[in-house]
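Written out below as structure tokens is the structure these notes cover.
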Amino acid sequence: MAQLSRTEVEEIALLARLHLEPDETTRLETELAAILESFGALAAANVEGIAPMTHAVPVDLALRGDQVEPSLSVDDALRGAPKRAGDVFLVPAIVTGKSE
Amino acid sequence: MSATIADVTRRIAAGEVTAEGLVDDAFARIGTIDPHLGAFLALDERGARQTARAIDKARSANEPLGPLAGVPIALKDNLVTKDLATTAGSRILEGWLPPYDAHVVEKLRAAGAIIIGKTNLDEFGMGSSTERSAFKPTKNPWDLSLVPGGSSGGSAAAVAANLCVASLGTDTGGSIRQPASFCGVVGLKPTYGRVSRWGVIAYASSLDQVGPITKTVADAAHLLQVIAGHDPRDATSLPTAVPNFAAALEAGVDGLRIGLPREYFGEGIDPGVRAALDETIEALRANGATIVDISLPHTHLALPAYYLVAPAEASSNLARYDGVRFGKRVEGVDLLDMYKRSRGAGFGPEVKRRIMLGTYALRAGYYDAYYKRAQQVRALIKRDFDEAFTRCDVIFTPVAPTPAFAFGAKANPVDMYLADVFTLSCNLAGLPGLSVPCGFTKAGLPVGAQLLGKPLDEATLLRTGAAIERWADITETPPGVATLEPKPDQGTQPS
Amino acid sequence: MSLDDFEPVIGLEIHVQLATHAKAFSPSGIEFGAPPNSLTDPTVLGLPGALPVFNAAALQCALALGVATGSQIRARSRFSRKHYFYPDQPKGYQISQFDEPLCEHGHLDVLLGNTVKRVELQRIHLEEDAGKNMHVGSVSHVDLNRAGIPLVEVVTAPVITSADEAAEFMRSLHRLVRWLGISEADMERGHLRCDANVSVRRKGEDRLGTRTELKNINSFKFVQAAIEHEITRQVRIVDGGGRIERETRLWDANAGQSAPLRSKEEANDYRYFPDPDLPPLVVEGRVMAEVLRMLPELPVPRFQRYTQELGLAADDAKTLVGERALADYFDAALAAHPVKTSARTLANWILTELLGALNAAGVEIAASPMTPETVSALVVLVETGAISGKIGKEIFEESYRTGEAPKTIVERRGVTQISDEATLVPLIEQVIIANPKQVEGYRGGKESLFSFFVGQVMKATQGRANPVVTAELLKARLKG
Ligand SMILES: [Mg+2]
Ligand SMILES: [Zn+2]
């Protein structure tokens, strides 16, 4: 399987929104490569025509009725917020574009 | 606290002990022992006493008592508890007070259980030794220089050290069974969907399951009875009737076909573990079981499949830890910087490693080669089991290749991942799995046997486990914890 | 440069908020303008341990739209996770549908002028809405009330060829979702939100040009203006030998122009995968049967029935199908009406008198004080000649105001039309005797004097004389 370049590690870290110190990046570069290397058997497996198993048990989606239950109180909704302004969550300015 | 659930409920009902008395004992013992053991991350002494008093009052008023009335129980700290700190072993959740209870916690409370505290774990369940907890290591009650296993190491250690009567853990790739084996207690991972995941902090959603860690198989059956059942808040919860798990416990193994997968008995198994397992297999045979040689040919693919599926799902499940609505936040120059710093500082190295691995596996262009392929292999593994279960009723394997190992012994991530090699197929296939103590190594460390069953057939596992437990007769107090005890324990020994 | 040398290719993605009581995946309520963060639950907030369970009503809504657009409905569709970090997206991913959407290959018929254009739909999929970020100086405020509201995303094929068509498509979709009752479709409240993919190419070229994505065009007017602006912008660039950047542009309605969203530091990679919390969504036959049973006759087929079977003028038919309540009102009046051939007359009364009165009072058709049966009864009185058209309007006005039956008003007022000759002939005789000069003039060739005689007869009967019969009798009498 593929080797990882440092650039790739940095790209993944950005996608995952993880700040890594330079030594962490270096270490992960080696570790991830070793882990992927140890997964070699997977690439060799014959999986032709096999449907991916996305759920551990084969059930259909059970639906809920369209009933409203009481909301959490505003204070309970915000109780864990590291920063709030009145009844809203407060975040820093959004400089990068929204990726939707 | 060496009592079992059965002992406690009987003695409470008979008025021989009070719930408050049990709570006093529990906290006294925890106060003495846990500073050296490190099983608990948080204690709820006030809540426990409140519940205990309510139960004692109900008993004196002759009101009906729940099936766990007065039983001190510890919860792995990835089970959400209302108004009681829940960290999942991570700095990123430090200080979070959840506004709701997990489904299993609701069930326990309704059954009269006394929740005494939250136990240590590898951060978000990612580990096999509890060394990856962001807060502290937990030690093995049998030998304080060894790990208790993981990720439910705190729960297993707390039960083994008699700091509580029973506990709940979670199992994504072996996290109940392996620490149960290392600590000489019983651990049951139910069929996926048997127990609701509502309020279980997700590691890998398609693999996670909650289950009991107890001193006896009967207690595991009892606790499973309370927490199992359909929950409409979990779309993967099975709308299936729950049988009476206690009913079959005494049935023995006569006539049972027990499969030994040859792939699980190859090289690399510790001789002490092997000897204990061989003795157990002989005992099974001697008691009327038919031992069947079976093959699970895709076993060698389980580890890579697991270590792609689980990190992929984890990378997604952990995206919500962003410093906005709860948990840790480290300010930055802008939003992106805040995200990166909060997550960079909040997650430990193993969690970051798995997020990175999972993010990589899900990337456009890599998805087919990694995530999708792993899920296809998963289907092959499930097919192996379906095939095997046409030839046997139960599968017997080691829980882990070795007994409890020393701190720091598996510093290399790939070595640590190998600790789960026998337990993770069960999660990939969604099967129930039981770890039951079956003997000791020469060094006196407990060895667990793993029993794997057909989907929803926990009953046969419990029945087989109960038989093994009767012959193995493991009633010793763990020597490691014994050195911490101020005076001899006067509780009833487990049966 | 000449715009005429180019042709635009437009595809729309329209998000429609579904009118359920509870959220898509959890039971907290939905209410526009509620205090911030007052409509949440652990799932909406994305709290650790919280799980999604899908709302059956949202499925019903999406199926109704799927069927109404002739889409192929997937018996097993799937929810996937679409990952991106943003404060209004609590879990770090949106639950959406990716490779196995609920509906595919449908179409929406759009009335362009008096013709029908069929716009193909690539897909209609289910997903959840995000919360709201409000930018306040150097910080943003986050309100998660809207997070988790069920949406359908309707994606057209790139087959729309003008800004007019795009706006008309959006109007048609707006009308359809209201018609089906699956969305309140209040534009002011953002119930319909449109993104447009726009490219241009020289006429005759097969290859599509590089497209840009226009966001935030959430009214019919903005859709039209933004797309028109974008077409012109692109043509100017291409014609000048430039290249179109593949980018997302935000429409600024106040400035009347678009600007690129600040360029991203990374390419999008949503890392879609099937949501492990949500097993496959299976549409059972019983659910489908219920959706089909509840499906109303749709606007375009109804337009075609009105024009082709009932012979209504296209404009009238278009107005009637503009709103389901109005079309239903018309159909109810028609059902009550004894003579089906007078559909045109009925339509006239409803569109002119009734809508006039309702508009003046600011009342919706659904709240009309006059029932369809009453309107029909009034039209019957006019059509059978019991009252004149002119009197009919007076009766209408009184019936609308008081709710009294037209026939009762006519009887009480004594305004029945006089059509019988025995009554009219003596009256005509009197008029002729009283006006010899005019009789002489008329007979001498001044035919314009004829209306004078009619007027005199009307005056003598307080307008009750049947104008047709009166004219016939007068003509015969004046000849002699
Ligand atoms: Mg889109
Ligand atoms: Zn969308």
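Bear in mind that the values in this text are calculations on the coordinates, not laboratory data. Predicted model only: the values in this text are computed from it and were never measured. Note: ideal-geometry Cβ built from the backbone for every residue, glycine included; neighbour counts use all protein chains shown.
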Values of log10 I(q)/I(0), in the order q = 0.12, 0.18 Å⁻¹, for region B:373-495 under a Debye, Cα-only, solvent-free model: -0.60, -1.08
Per-selection Rg to Rh, region B:166-292 - Cα, Kirkwood hydrodynamic radius: 1.00
Relative packing of peptides C:131-140, B:179-188, B:410-419, B:232-241 - highest average C-beta neighbours within 10 Å first: B:179-188, B:232-241, B:410-419, C:131-140
Efficiency of FRET between A:ALA93 and B:THR32 - r from beta-carbon atoms, R0 56 angstrom, step 0.05: 0.60
Crossing angle, helix C:450-460 versus chain C [Cα axis fit, 0-90 degrees, rounded to tens]: 90 degrees
Shielding score for B:366-378, defined as the mean number of other chain Cβ atoms within 10 Å: 6
Calculated FRET value between C:HIS107 and B:ARG46, using beta carbons and R₀ = 60 Å, to 0.05: 0.40
Degrees between helix C:56-68 axis and first principal axis of chain C (Cα, 0 to 90, nearest 10): 60 degrees
Averaged over B:330-342, number of beta-carbon atoms from partner chains that fall within 10 Å: 6
DSSP-defined antiparallel bridges as percent of all bridges, the protein assembly as shown, nearest 5: 80 percent
All lysines inside 24 Å of B:LYS57 as judged from Cα atoms, apart from same-chain residues fewer than 8 positions distant: B:LYS82, B:LYS107
Per residue, the convex hull volume that the Cα atoms of region C:3-290 enclose (Å³): 151 Å³
Computed magnitude of the charge dipole of chain C (debye, nearest 20; Cβ of K, R +1, Cβ of D, E -1): 880 debye
Segment B:GLU282-B:ASP83, extension gain: residue separation times 0.36 nm, minus the distance between their alpha carbons: 66.6 nm
nm² value of the averaged projected area, convex hull over the Cα atoms of region C:263-330: 10.3 nm²
Theoretical ellipticity at 222 nm over chain C - DSSP helices of four or more residues, -39500 (n - 2.57) apiece, nearest 500: -11500 deg cm²/dmol
Cα lying deepest toward the dipole's positive end in the protein assembly as shown, options C:THR341, B:LEU79, C:TYR84, charges on Cβ: C:THR341
Part-to-part distance (alpha-carbon centres) for region C:142-215 and region B:180-201, which is given in Å: 47 Å
Enclosed volume per residue, in Å³, of the convex hull spanned by Cα atoms of chain B: 135 Å³
Among B:438-449, C:115-126, B:151-162, the order from most to least packed when residues are scored by Cβ within 10 Å on average: B:151-162, B:438-449, C:115-126
C:GLN257 versus C:LEU295: modelled label distance in nm, points set 7 Å from Cα along the beta carbon direction: 4.7 nm
Ellipsoid semi-axes in whole angstrom, largest first, where each is sqrt(5λ) of the Cα gyration tensor of region C:1-126: 33, 19, 16
Volume per residue of the C-alpha convex hull in region C:297-413, rounded to whole Å³: 94 Å³
Span per principal axis, largest first, for the Cα atoms of the protein assembly as shown (Å): 141, 80, 57
More than 35 Å apart - percent of Cα-Cα pairs taken over chain C: 50 percent
Distance (nanometres) between label positions extended 7 Å along Cα→Cβ at B:ASN412 and C:ARG207: 5.3 nm
For region C:421-479, the spread of Cα positions along each principal axis, largest first, Å: 29, 20, 17
Cβ-Cβ FRET estimate between C:LYS479 and C:ALA422, R0 fixed at 22 Å, reported to 0.05: 0.60
Max mean-square fluctuation residue, GNM over chain A, Cα-Cα springs under 10 Å, options A:LEU90, A:LEU15, A:LEU36: A:LEU90
Estimated distance in nm for a label pair at C:GLU184 and C:VAL116, the labels positioned 7 Å out from Cα along Cα-to-Cβ: 3.2 nm
Region A:1-71: mean projected area of Cα convex hull, nm²: 9.6 nm²
Kirkwood hydrodynamic radius over Cα pairs of region C:352-460, then Stokes diffusion coefficient at 37 °C and 0.692 mPa s, in µm²/s: 201 µm²/s
Filter on A:LYS83/B:LYS328; B:LYS189/B:LYS215; C:LYS390/C:LYS459; B:LYS328/C:LYS23; B:LYS382/C:LYS91 - keep pairs with C-alpha separation over 21 Å: B:LYS328/C:LYS23; B:LYS382/C:LYS91
0 to 90° range, to nearest 10: angle between helix C:163-180 axis and chain C longest Cα axis: 80 degrees
Partner chain coverage, peptide B:84-91 - average Cβ within 10 angstrom: 1
